[in-house]
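The values are calculated or read from the model by the stated rules, or taken from the named source; none is laboratory data. Keep in mind that this is a model prediction, so the values were computed, not measured. All Cβ positions, glycine included, derive from the backbone under ideal geometry; neighbour counts span all protein chains shown. Calculation scope for accessible area: heavy atoms of the full protein, side chains included, ligands and nucleic acids excluded. Shrake-Rupley method; radii C 1.70, N 1.55, O 1.52, S 1.80 Å.
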Amino acid sequence: MGLQAALRLLFPPQCLLCETLVTTDFGLCGPCWRATPFVAGLVCDLCGCPLPGEDPGHPVHCDECLTSARPWDHGRAAMLYRDNARKLVLALKHGDRLDLARPAAGWILGVARPLLSPGVLVVPVPLHWTRLLGRRYNQSALLSAELARQAGLDHCPDALVRGRNTHSQEGRSREGRFDNMTGAILPHPKRGTLLRGRRVLIVDDVMTSGATLAAATEACHGAGATHVTVAVLARVAKDA
Ligand SMILES: [Zn+2]
Ligand SMILES: [Zn+2]
């Protein structure tokens, strides 16, 4: 018996959420899969939320994206932030479930792949270092590193940095969130030069108002990026 087969007997693959035995590694069991709101069909080209109707053959945008600052070119989300998507995001962020980064990055790549081309530089939304101390890792950087690896693209985990601690966005209005984030993200004094002349993919775990992604996009543009796409694991949709 080979080592792989022996390990499988000792550690048979389990569902990422409920530990039911499953047939493949890094998967969800049937009931958990069905309770995970993966995005499919026609989506907003800026935030990735689902839209009703058939694909009209040109990019379409949701109401929120029509009235909010969206400085990036395209955006996608793998899931809506509710039910099991919420569980996955919280487990990745606070639960030390580093094993979730690989499948989650695969799901993000699944929706972002049509927007990617060779030479794209993948970067995460940065955490302020004071929050990094409390949390020990940046879940967005775990996702972006895995996504870049799976897509065969360049990755720079610190091309962007937090210029100041913005504290939590929770409890702020949509306008307040944009005000709080203005100028809060900057290109890294050295590694930021990697962004010059590049097409960039910014990865984050969750998009709520989009204020953080807007600040990250502005920083990329400031550093000379030519084109910015954003991709998140889960989109908080108003009607979700
Ligand atoms: Zn399950
Ligand atoms: Zn949208």
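Miscellaneous remarks
- Simple point charges give the picture: +1 on the Cβ of Lys and Arg, -1 on the Cβ of Asp and Glu, and for the chain a dipole about the Cα centre of about 640 debye.
- Selection from A223, V89, L21 lying farthest towards where the dipole of the chain points positive, charges on Cβ: A223
- Carbon + sulfur, % of accessible area of the chain - ligands and nucleic acids excluded, 1.4 Å: 55 percent
- Probe 1.4 Å - accessible area at I108, Å² to nearest ten: 0 Å²
- Choice from T208, T23, T229 with maximal GNM fluctuation in the chain (Cα, 10 Å cutoff): T23
- Two-decimal ratio, the chain, of alpha-carbon radius of gyration to 2.2 N^0.38 Å: 1.02
- When the residues E146, E19, E54 are ordered by accessible surface, computed with a 1.4 Å probe over the protein chains alone, the sequence from largest down reads E54, E19, E146.
- Straight-line cross-link partners of K93 among the aspartates and glutamates, defined as a Cα under 13 Å from its Cα and at least 8 positions apart when in the same chain: D204, D205.
- Heavy-atom accessible area order for W33, W107, W72, largest first, 1.4 Å probe: W33, W107, W72
- Sorting the Cα pairs of segment 1-137 by distance into bins of 5 Å, from 0 upward, gives 2, 8, 13, 18, 16, 16, 13, 8, 3, 2, 1, 0, 0 percent per bin.
- Probing with 1.4 Å while keeping every protein chain in the model, the per residue accessible area of segment 119-167 equals 43 Å².
- Antiparallel bridges, percent of DSSP beta bridges restricted to the chain (to nearest 5): 25 percent
- Rounded to the nearest 10 Å², the accessible area of F38 at probe 1.4 Å: 60 Å²
- With every protein chain in place and a 1.4 angstrom probe, the accessible-area ranking of Y137, Y81, largest first, reads Y81, Y137.
- GNM flexibility winner over the chain from T212, T20, T67 (Cα, springs under 10 Å): T67
- Orientation-averaged projection of segment 99-240 equals 8.5 nm² [convex hull of Cα atoms, one quarter of hull surface area].
- The sum of -39500 (n - 2.57) across all DSSP H runs of n ≥ 4, divided by the residue count of the chain, sets its helix-only mean residue ellipticity at 222 nm to -9500 deg cm²/dmol.
- Net charge of the neighbourhood of R131, taken over other residues with C-beta under 15 Å away and scored Lys/Arg +1, Asp/Glu -1, is +1.
- Less than 5 angstrom separates the built amide H of M79 from those of V39, A234, R235, all sequence-distant by 5 or more or on a different chain.
- Charge dipole magnitude, Cβ of K and R +1, D and E -1 - segment 181-240, Cα centre, debye nearest 20: 320 debye
- Per residue, segment 37-111 exposes an accessible area of 46 Å² to a 1.4 Å probe, with every protein chain left in place.
- GNM remark for the chain: springs join alpha carbons under 10 Å apart, and the peak mean-square fluctuation among A141, A69, A101 falls on A69.
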